[in-house]
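Notes for the one structure printed next.
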Amino acid sequence: MSPAILITLLAGNLGIATDWENLGWLVAFGVLSNFVFTGQGYCIGVLILDENKPLMVNAAFVMLFVTTNGVLCNLTTASWFVRGISNISPTRLNCEGFLRVFSTQIPDLQRLLPAGSPIPISQEAVLNNLGYTWGLHKCLAGLGAWLVGWMVLALIGINLKFRSF
């Protein structure tokens, strides 16, 4: 619940478009991302028997996902490995969703260089340059798939771990 409260309190102070649609998208991505990453930690904690190792394994997953989310490197020029991991990374889905909502007020302009060649300035130009091409609905659906995946894996892990054969 804290992502919903935090986003609701800060949305008006971030200098972004504050209509109800944007607020709804921000809350949806914040709450769903919170559930996905909490589910990730829970699932890893259930699947690993030693009580000290889940923190290290979870940190490794987080580091892998964060380094391939498109913020630390441009996805359009990244290696095949980074692009491949980025295609399944929940942090990429999260970052693209938030960036799409935060950048809705970028005007659709054509700026001319002194040489006379135009530079497109628009939300889609910025997002395409970063490699964020999936859109809000696909990103939200991808996060939902991650949540279901973590839940199923955790349930399988609980059954395997605590079932007596």
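The values are calculated or read from the model by the stated rules, or taken from the named source; none is laboratory data. Given the structure is predicted, the values throughout are model-derived calculations rather than measurements. Note that we place each Cβ from the backbone using ideal geometry, even for glycine, and neighbour counts take in every protein chain shown.
Could you give me the residue pairs with C-beta distances under 8 Å whose first residue belongs to the range 87-110 and is touching a residue at least 12 places away in the same chain (Cβ under 8 Å), whose second residue is small (Gly, Ala, Ser) and surrounded by 17 or more Cβ atoms within 10 Å (Cβ to Cβ) wherever it lies, and which are 6+ apart or on separate chains?
Pro90/Ser33; Pro90/Gly142; Arg92/Gly70; Arg92/Ser86; Leu93/Gly142; Asn94/Ser33; Cys95/Gly70; Glu96/Gly70
Can you run down the residue pairs with Cβ atoms below 9 Å, 6 or more apart or on separate chains, where the first is in the range 135-146 and small (Gly, Ala, Ser) and the partner is not in a helix (DSSP H, G or I)?
Gly142/Ile88; Gly142/Trp134
Within the range 36-57, restricting attention to residues that are surrounded by fewer than 16 Cβ atoms within 10 Å (Cβ to Cβ) and over 22 Å from the mean Cα position of the chain (by Cα), which residue is modelled with the highest pLDDT?
Out of the qualifying residues, it is Lys53.
Kindly provide the set of residues from the range 33-57 that are in contact (Cβ under 8 Å) with a residue 24 or more places away in the chain and either assigned to a loop (DSSP other than H, G, I, E, B) or over 24 Å from Arg83 (Cβ atoms) (or both), ordered by number.
Scanning the range 33-57 gives Asn34, Phe35, Gly39, Tyr42, Cys43, Val46, Leu47, Leu49.
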